[in-house]
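Taking it in order: structure first as structure tokens, then the write-up.
The values are calculated or read from the model by the stated rules, or taken from the named source; none is laboratory data. The model shown is predicted, which means the values in this text are computed figures rather than measured ones. A quick note on method: Cβ atoms are made from the backbone with ideal geometry, for glycine too, and the neighbour counts reach across all protein chains shown.
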Amino acid sequence: MSANHHHLRANSLLPALLFFLLFMGCSTTASPPSLSTSFPFPPPPAAPQNTTLEYMDPTLPPLIPTVNPKCSTVVLREDFADTLGFPPASVDYAPPADCPAPWSRVILELSATASDVQMDRIAAIWVDGAEILRTSTPLPMAPGVFWHVRKDVTRYTAVLRSATTFSMMLENSNATLPGVYSVNVSLHFYRGALSDDAGRSPSLKLPTNAHANGQLGSGRLSAHPTIKGLYREPADLIIPISNELGDCGPGSWFKIRNESDVQLTTVLIPNNTYRAVLEIYVSHHGDDEYWYANPLRTNGPRGGLTSPSSKANGGFRQVVVTIDKRFAGAVVPFPVIYPGSINPFFWAPVAALGAYDHPSYDLDLTPFVGKLLDGPEHHFGLTVRDSQPYWLVSANLHLWLDAWSDGVEGALVRYKVPPLKLSRQAAWRDLDGKSSIDGQVIIRFSGWVSSSKGNITTSVKQRLKFKSRVEVHRQGSIKQASMEVKSRTNVRTEKNHKVIGRVQVETEAPLMMETMSSNGGGGSVFEKTKMYHKLQETTSVAVGKEVAYSTMTDRQDSEGSALMEDRVAKWGSGDTESTYKYRDDKACHLRTVIMVGGTVRDDAETASCVSVLDS
């Protein structure tokens, strides 16, 4: 598998057999094993008849204001055919002259079509090396598939108002499949007051477009606010922590092959910086595509998904950030399931959680600002703990600058980083057995920064709880995997020994799946899979005595089957129910999409708070 390339499993629409091999702990070159159990063999179902060729992400899109944008511009048009191994598609960029910054809102819109059958591919968009979108294409099962991605990119104002290069990486191949991805990327710029701002509290300074997104609005909610509590307003400067080869090489993301592979970027920050947040983008590929279901084995076969050298080292991964080789924060990434993973019939035409707009992760580095202002350049490192080939990682360093000061002072006064201790247990006999990994840690940072805003102390507390379970029964014919990640980040700011602000972000991400395999006859394997996946995020932002609160729950339940012959899905089906709930102080939104056998049977939205009180 080449760099930055997601799936190169030729002639396979369904990698379920590879998922089976993961649990078996054997090489992906092995033949499908003979299984002692079998299911009553049903006749092949009729091919799914999609009522639409639009593949959708049922989550709430970014809020599109009721007013028209001041201006819109198509930034990039590109056909991605045989682009494997080539640099990203890059174009010159400049903000539109007729509506310069500042902007109330900036919306990125990606519209794409697939000309024919193709694999799913990973893609990203950068502006002068700063990543603003990580996305996956669908897995088109027929010609004419199209989809849209809309994202609020207001937080990237600093690069959008001054950048010179706009680039997109989508490595595609026509070696075995004919599909070409045609992509248009547009930016919509808004200026002035937005009508959705009406009714907000004037005293609570939430993120710039949190007001516009309805967090303190008039009760009408039509989008999920993507600017979180750590972004009170867009940063003044964004420094990419990314691959310097950029447009001349394999893209601006780093390719990380194992946990000893630490990618470094040298950074010199302005001496009037008073606040810093690091935003991390990450995606998992190759031997670690199914890291979330990786068993822990010390005996027996040890092959992985796509390479005999892979190890069954368990289902824990953590993206770690260092500054000058010193730990500065870490996140366990959300296990995004790609459109070709587990059972692609689950994700046609409804995408898995986060597949079209991969989540990014924020670390408040303000306690470290004093260290970063000591004069010399500093080395920011990115790696992935326990990783196998390969991961694609990049980051953006958002900096807020004091316009009224030539120099800012600060110091790190508390640094408490106990080691993350993982409890690993495994018991295997031949093909069957079970393994588990549990861990938790609490880290604390605190530092002060003295600027024209006064002497402000920022304290950060991060708590992580993790557990992973993998079990295999009946000579490998039943595989079960579950994982749950819980994290809580608290950021407190104080001035003159008085708390002036608090931000709390809690996330919970459970995943459970079960696959039952049987002999399908003639060397084929019949697989039935059930899975449940959820992302829940609760955010509260307090300034003085006022508090803004929101909670988002994104959940999917899927069930389906497939007949596999030589790692090719001869036929299959999948049903998925997606439920998206968002609620804040004033408004709520509930959307339920039910997909049966490739057809959307129901797509219902409501703004009834009664429906989501228990979310």
Exercise for review: Return the residue satisfying two criteria in turn: it lies in the range 511-527 and is surrounded by fewer than 17 Cβ atoms within 10 Å (Cβ to Cβ) and modelled with pLDDT of 90 or more, and of such residues it is nearest to residue 332 (Cα to Cα).
Suggested key: 512
Check your understanding: Among the numbered criteria (1) farther than 24 Å from residue 323 by Cβ; (2) assigned to a loop (DSSP other than H, G, I, E, B); (3) modelled with pLDDT of 95 or more, which single criterion is violated by residue 467?
Key -> (2)
Check your understanding: What number of residues within the range 580-604 are in a strand (DSSP E or B) and farther than 14 Å from residue 351 by Cβ?
Key -> 14
Revision key, fill the gap. Requiring at least 3 residues that are within 23 Å of the chain's Cα centre (by Cα) and either surrounded by fewer than 20 Cβ atoms within 10 Å (Cβ to Cβ) or in contact (Cβ under 8 Å) with a residue 60 or more places away in the chain (or both), the strands (runs of 3 or more DSSP E) wholly within the range 87-137 are 105-114, 122-127, 130-136
**Study point:** Unmet requirement for residue 508, which otherwise passes all of (1) modelled with pLDDT under 95; (2) charged (D, E, K, R); (3) in contact with a strand residue (DSSP E or B) (Cβ under 6 Å, 6 or more places away or on another chain)
**Key:** (1)
Review point. Residues in the range 224-238: is at least one farther than 26 Å from residue 536 by Cβ, crowded, with 23+ Cβ neighbours inside 10 Å, modelled with pLDDT under 90 and not acidic (Asp, Glu)?
Key: no
Revision key, fill the gap. Apart from one, (1) touching a residue at least 60 places away in the same chain (Cβ under 8 Å); (2) of a type in the set (Phe, Trp, Tyr); (3) closer than 22 Å to residue 489 by Cβ all hold for residue 549; the odd one out is (1)
Review point. Going through the range 529-545 one residue at a time, which ones are among the charged types (D, E, K, R) and more than 14 Å from residue 341 (Cα to Cα)?
Key: 534, 537, 545
Review point. In the range 421-443, how many residues are closer than 19 Å to residue 292 by Cβ and either hydroxyl-bearing (Ser, Thr, Tyr) or under 23 Å from the mean Cα position of the chain (by Cα) (or both)?
Key: 7
Practice item. Please go through the range 326-377 and pick out each residue that is charged (D, E, K, R), touching a residue at least 40 places away in the same chain (Cβ under 8 Å) and not in a helix (DSSP H, G or I). Key: 357, 362, 364, 377
Check your understanding: Which is touching an Asp or Glu at 6+ places or on another chain (Cβ under 8 Å) and in a strand (DSSP E or B), of 393, 384, 441?
Key -> 384
Exercise for review: Sort through 548, 562 and tell me the only one that's more than 17 Å from residue 339 (Cβ to Cβ), in a strand (DSSP E or B) and more than 23 Å from the chain's Cα centre (by Cα).
Suggested key: 548
Point to revise | Residue that is surrounded by the fewest Cβ atoms within 10 Å (Cβ to Cβ) [pool: residues in the range 551-582 that are among the basic types (Lys, Arg) and either at pLDDT 95 or above or farther than 29 Å from residue 526 by Cβ (or both)] | key: 555
Point to revise | Test result for residue 476, outside any strand (DSSP E or B), more than 21 Å from residue 329 (Cα to Cα) and in contact with a Leu (Cβ under 8 Å, 6 or more places away or on another chain) | key: yes
Review point. If you check residue 146 against the conditions, is it assigned to a strand (DSSP E or B) and buried (at least 16 other Cβ atoms within 10 Å of the Cβ)?
Key: no
Practice item. Quickly run through the range 391-424 and pick out the residues that are free of Cβ contacts under 8 Å to residues at least 40 places away in the same chain and either over 30 Å from residue 268 (Cβ atoms) or touching a Leu at 6+ places or on another chain (Cβ under 6 Å) (or both). Key: 418, 419, 421, 423
Exercise for review: Give the residues of the range 253-287 that are in a strand (DSSP E or B) and either more than 18 Å from the chain's Cα centre (by Cα) or of a type in the set (Phe, Trp, Tyr) (or both), sorted by residue number.
Suggested key: 254, 263, 264, 265, 266, 267, 273, 274, 275, 276, 281
Exercise for review: Considering (1) at pLDDT 85 or above; (2) surrounded by fewer than 18 Cβ atoms within 10 Å (Cβ to Cβ); (3) acidic (Asp, Glu), say which one residue 585 fails and leave the rest.
Suggested key: (1)
